[in-house]
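One structure below.
The values are calculated or read from the model by the stated rules, or taken from the named source; none is laboratory data. As the structure is a prediction and not an experimental result, all values here were calculated from the model. Heads up, the Cβs are rebuilt from the backbone with ideal geometry, glycines too, and the neighbour counts pull from every protein chain shown.
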């Protein structure tokens, strides 16, 4: 049969599963890979494991490598893992760079984003992806793009269309504050921007009217 995936567990038992069944059952498939690590390398867990105390995207430093074992330290605790023997600890990778979506829940000092409107990047251009990329840093973010004007236009158009509706919906569900100043290189709310006010029907009963500041003309 075509379109089926053959799974094999640690005991050698096999099972056929379709992509639809995999989604319904929450099955995630991974492609194994090999990386070379040494003392001093930064590593991270790519998947949380509550039973073993591993937190996704937590950063560790390699303090020793001996045979098939790797000793990791986060400055407070030490873990010894054996990826070659234990599948549960194979969800690891180098931590010198993390994708924007992979860094969700984390907060980095610096961030570099690759955004654009050409080729396949056009499908990703929008407010949601920009928000993810630009909200992960503590101090500085740097954006590389193939078309700055085109990219900022896409974001600003999405902001003007979507945020008032999002804020109104949030107010209806009990939100108390909804205001944003969007600054994506085409001006700010105070210079070159204009306020886009959503309906104020959410005001009252402890709720605040929603004002969204949109850049552009």
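General observations
- Output for the range 6-41, where each listed residue is surrounded by 10 or more Cβ atoms within 10 Å (Cβ to Cβ) and closer than 30 Å to residue 64 by Cβ: 30, 35, 37, 39, 41
- Screening residue 56 against (1) under 16 Å from residue 41 (Cβ atoms); (2) at pLDDT below 90; (3) surrounded by 13 or more Cβ atoms within 10 Å (Cβ to Cβ) leaves a single unmet condition, (1).
- Matching entry among 44, 50 (being exposed (fewer than 10 other Cβ atoms within 10 Å of the Cβ) and either assigned by TED's automatic domain parsing to the domain that holds residue 87 or modelled with pLDDT of 90 or more (or both)): 50
- Residue check for residue 112: crowded, with 16+ Cβ neighbours inside 10 Å, modelled with pLDDT of 75 or more and under 30 Å from residue 42 (Cα atoms): no
- Where residue 66 falls short, out of the listed (1) modelled with pLDDT of 90 or more; (2) under 21 Å from residue 96 (Cβ atoms): (2)
- One residue alone among 14, 28, 46 is free of Cβ contacts under 8 Å to residues at least 40 places away in the same chain and in contact with a strand residue (DSSP E or B) (Cβ under 6 Å, 6 or more places away or on another chain), and that residue is 14.
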